[in-house]
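The values are calculated or read from the model by the stated rules, or taken from the named source; none is laboratory data. Here the structure is a predicted model, which is why all the values come from computation and not from measurement. With ideal geometry, Cβ positions are generated from the backbone for all residues, glycine too; neighbour counts draw on all protein chains shown. These accessible areas exclude ligands, DNA and RNA; they are computed on the full protein's heavy atoms, side chains included. Shrake-Rupley method; radii C 1.70, N 1.55, O 1.52, S 1.80 Å.
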Amino acid sequence: MNYFLLFCFIFVRNILAQLYNESDILQEIPLEKVVVHSEIKDTIAEVYVQQTYINNSEDTIEALYKFPLDSEAAVESFEADIDGQSIYAKIYKNDEASKLYEQELEQGNMAFLLDEEYKDVFQVSIGNLKPKQKVYIKLTYVTELNTGNENNKVTFILPNIIAPRYGNNNSKVESKIFEGNPKYSNNVNYTLDLNVELEMSGKINSIESPSHEIIKNISEKKNNVATVTFKSDTVYLEKDFILDIEVEELNISKVLIEYNEELKSYASLLTLMPNLIQNEQLKVEIIFLIDQSGSMHGWKLDYLKDALTLFLKSMPVDSYFNIITFGSLYEHLFDKSVKYSEETLKTAINLIDEMDASMGGTEMRDALEYIYSTEVPEGFNRSIFLLTDGEIWDVDPVIDLVRENTAKQNSVLYTFGIGKSVSHYLVSSIARNGNGMSLFVTEGERLEKKVLLQLKNVLVPYIQDYTISWKEKGTSTVVENEKIEQSPFKLPLMRIGSRYSIYAISDKPLVPSPIEITYKFNDGKTQTETITFDQIRELKHGKVIHSLAASNLIRDLEEGTSKIHYSEEYKKRVESDEQISKMFDTIKEKIIEISTKYQIMSRFTSFLCIKKLEDDNDKTNKEEDKNDDSLGDQLKKVIIPSKGFPMYRERSYQKPLSYKKKRTFMGTEFVTRDIPMEEANSANVDNEANEAKKKDEESGKEIHFRENENIFDISDINLIKMTNADLVEREKSQRLLFNSLIQFQLFDGSFKLSDLLTTIIGPIYGEEFSSEWKKELDGIKKNYQEAYPDIVDQFDKLIGTSIACVILTDYLGELQSEWELVKEKSEKWILQKQKQNPIQDIRQKILISINQKKEHLLKVLHSLQNEDGSLTFTTLKDRVMDSYYGKVLSNEWSKELKAIQGTTSALPSQIDQFNKYLGTALTLNILKNEKFEEGFQQESEKMIQQLETWILTTETQNPIFSRFHKDLESSLQRNRKKTSILYNYMTSFKGDTESFACYRDILKDQLLSGQESDGSFTISSILGKLKEMEESHNSSSGGSGGNDGSACQVEYQLYPQWINEWFKEVNQVVEKSNSELTDDDSEKAFVNSLWGTLVALHLHKEISEEVIHFCKEDIVDMEAFKYEFLYQRKFDKAQKWIELCFNDPKNVPFLSKWWKKNDDEKEEEEKEEEKEKVQQQQQQDDHKEEKDNKKAEDKSTSKDRRKKEKEEEDIEEVGDIDDDDDNNTDDDDDKMNESKEKEQEQKKKTTAAETTDESKRAETEASQPPPTPDKDNEKSKSSTGHDEL
């Protein structure tokens, strides 16, 4: 027991110590952030990187940070900015740079060193960084963008992290680089700022990033200029940044010439793009080399398996293939490549299904050796497809192996780098030395598309016999090869449609002569294409092309493809072991020479810059530091960790192997352990259960319309048809359909109808359509199976293949680049069968059958349509919804409708409205997504218009449906819905939902139930209903309308209180008027209705204000809310009745007879009348003055006109007399008219004042909000009542 406790104590102490040390180190991490600015011009990028370091500790430190760069990068500058001073670095040999660095540190100076370990791994060393001191490390590099053989596309890749790599670091670099993987920590948060500027030669069509969310801004004035930044304010250095750019006319052969003043030399970049149309396919042997090491776990392996399955299905019928998997050992599916057939295809698919990332380390070299040891089938061309995450250190031996055997076998090797932190050097250099191409895929991209792109490339004949001759620009003089530094020295093997770059450096401006390219076909025939270079662009005072050319020259020297390696001297020396080391020294010196001349980094050179101590204070501090023993003999070294743990590798786990295997252990680092099958299965089950649980927790309370998350069904088709569906969910549905369909394709490209009926045709076209074709197939089997089985099989395949081709075209058009070869095989199979046995085109019959199904849908919908144009969901469920949306969706909405029927806040009318709205909206979605033939398109559009009109009207009347429509549409777009949507809408008011229902019942049962047909209410009906309500409430403690007493207690207390307060005023007026009333029943009935209607209007207004007060946050359209929930139309009718009463002359005697005004009221009214008279008189005077002014103006104008006429006619005197008479007459007439108008207006005013003033005031008061009940306001309230009437 004591030993056990001691063990626990030691274990816990070590863990705590480790955590403490890590915490202590993290506080001292000097790296703060990284800023990147990139300028991209066509296929070239110039990148500026700034790393900010700050010493947070109390000690002077030396900081070491290992980081990645693009493997094609040429680092051309390095500097350090500290204390406002910029210090520029120079190129030194590695050993020389290391010695100088150490010497400067010993002298107390600051030194900054940049080393290259591999083409994609660099290390910066910062020496003597003082406490709280900050330094900016800046470097610049240029790189050529990855093309990947995609038409008019380039990819900019910014590596940000080095994943843990397998194996030993065998780098022979003499530098300060610490060996092995970088350190890692989850607790560091280095940020990355990015700005990319693009200036392309053609129009920019698209800019996308599969790795990060970005903001892209394409200039409106210049569509070839754009900028890109991160969308998020904070981005961490935890994965590579990838930017895909599509540009018009990028795939054009052209020449770029650059002059460098300092070097007095010219550098030329030749972009070669052969575009000959080629229809013939090569006969190929394809070998898949698949990485199943531990680092391939998770999404990487999933992507790989999907892509590999599609690749196998897309292969030409006449081909050979094999699959090799590797980890710490390798396995081969077949001993050698086998003929592609149905049997071998099934065997390969079974292997893919069983693949997992359980083969330990990454021993790629042994697997490649095995491949190259096998013979190539005669008459076939070998192509190797390597799919890996490239996480290994020992790259050079693999590159050498590939280069040697590619030349021997005349083979090609294509590489695919999968992951967020791929070794770009490994993936790119293997492909380059294997005469192939490299592509990179990160999470979120489709590997299938890129794999199929390379398969198309493999099938096209390649170009090998061509030469390039350079001539001086402006002349016909060909420059001798000895005077040119060209890279690559050996011209690459080219394929049609691919882009290639060739560099040349000379003391003269060089352009290539027209190039004649010869293609060799399978039958031995040849064809020639001549490439001319019309686009020649010159750059003055540049360094970019020189740096790229020099970098490529160094790469050729490192990879064994330079001019030296193809010389006779090299061949002779290699044959002698004693001369090999001398040849290596020669190559090394050549690399150093180029690096030093062009000031770019290499594996054997480093950048170094030094900051000397400048003042006496620095020197004094240095002497004090030397005398201080507490500082120790050495600087405190801090190795800066990378962000996170990029992958997890369980190397002790080996799956039980069932295939023939060869174990090839390299070193003693790895130990193999086979575990029992039960243990492996148990681990897999646990992992799957945990993943499923995690997904459930993340998804929350949502119902997915797909019955099984990973199996295609009917709900996916609806999502695929929707043009506004969620892009992620839609792509997932397309992917499920595509993968489900592809698994049924046979090796010859055909599909069987019998295989597709249940899982594909049924969900897409419906059970009826599927049943019809099944009956037809069963009929043929019954009649011909025994006598002519081949006919049955051919019919089965012919129908299935034809339908499969229709599905690919109609539903998966966006994935055409992936299924193009699949469909091509299917079309070839159909064409072949038609040649063998001419038959009618069955596809036409299939299309007719599909259109008939759509026509039947329209007829069913018309037959179920309601009179108002809507469709009810419960009516549609069994006949339409189940077969179109699937039973999961259909049943879920049925449950929702049933659930709200039991809620206290839902009225039958509301439930019916939701039922109609749901059915109408879902039907509208069906019609919009279906494509009808021309004859039925018009009918469909007409019905769509009807449904849209009904929905718009309903949403206007009830704003709740507008919000519900958004939820419904969102559920269809995402293929899932939240639970209890309808119930939530029924209880969605943030106020008192029970009060809302109670007030609605009061309006309906207490007021509207007593409304007369003409819209009026009576005092007796209101008081009678109130008495019934009080009796019912007191006797049974229950409310009307289905609400219990406790639920509506407050509302049923307020309502009588409001009635009593309003009837106080009524009683006062009626008591004053009793003495004036007669026994005339009609007169009494009029008063009863008038006061009853006025009180009902005020009660409705008071209840409406109360409801709106606590529901206002949920109300979008106030008027629509009143009409839908507060019965506004009924009370509008009552208001109209009041207006008619006040405007009806026959009611005037009743009103004037029993409505008397007191002296104060009369005096006040006389004052108001006098005030109105004064105002009217003032208005008349103003009108008269305006009229007189106008007449005077008109008169003056008339005189001038007449005078002119009279002068012309020479009758001036007569004309003057006539004018005077006319003017006098006009004045008299105007005065008489004005007098008559005044008399008429006075008469009208007197009559109107006696008959209509009272009714107008009553009408105005009826439309005013009721006064707030107040004891101090009784008098004013009484007065208000008189004014109303």
Of SER642, SER883, ordered by accessible area with the largest first and a 1.4 Å probe, the sequence is SER883, SER642
Residues with amide H under 5 Å from that of ILE463, placed H, sequence gap 5 or more
MET494, ARG495
Assigned charges on the beta-carbon of Lys, Arg, Asp, Glu; the stretch 801-893 dipole about Cα centre (debye):
560
Whole angstrom only: what separates the Cα centroid of the stretch 348-386 from the Cα centroid of the stretch 729-776?
32
Quick check: net charge around GLU378, other residues with Cβ under 12 Å of its Cβ, Lys/Arg +1 and Asp/Glu -1?
0
When each of LYS203/LYS597; LYS853/LYS895; LYS732/LYS887; LYS1025/LYS1130 is checked by Cα-Cα distance, pairs over 26 Å:
LYS203/LYS597; LYS853/LYS895
If packing is taken as the average count of other Cβ atoms within 10 Å, what order do 869-875, 545-551 fall into, highest mean first?
545-551, 869-875
Stretchable slack from LYS1027 to THR586, in nm (0.36 nm times residue separation minus alpha-carbon distance)
147.2 nm
Out of residues 5 or more away from LEU145 or on other chains, whose amide H comes under 5 Å of its own, with H placed 1.01 Å from N in the peptide plane?
ILE44, ALA45
Expected output is a single nm value to one decimal: the length gained when fully extending between ASN708 and ASN187, i.e. 0.36 nm times separation in residues minus the C-alpha distance. What is it?
183.8 nm
Would you kindly state how much longer the chain becomes between LYS1004 and LYS845 on full extension, computed as 0.36 nm times their sequence separation minus their alpha carbon distance, in nm to one decimal?
51.2 nm
Once all protein chains are kept in place, LYS508 shows an accessible area at probe 1.4 Å, nearest 10 Å², of 90
Modelling each spin label as a point 7 Å along the Cα-to-Cβ direction, I'd like the ASN866/ASN275 distance in nm, to one decimal.
6.1
Using the basic label-point model (7 angstrom from Cα toward the beta carbon), what is the LYS782 to GLU472 distance in nanometres?
9.0
Rounded to the nearest 10 Å², the accessible area of ARG432 using a 1.4 Å probe with every protein chain kept is 80
For SER1082 the rounded accessible area (nearest 10 Å², probe 1.4 Å, non-protein molecules ignored) is 60
Could you grab the relative contact order for the stretch 341-460? Cα pairs under 8 Å, six or more apart, rounded to a whole percent.
21
If I model a spin label as a point 7 Å beyond the Cα along the Cα-Cβ vector, how far apart are those points for ILE791 and ASN891 in nm?
4.4
The correct ranking of ASP115, ASP793, ASP882 by accessible area at 1.4 Å, largest first, is ASP793, ASP882, ASP115
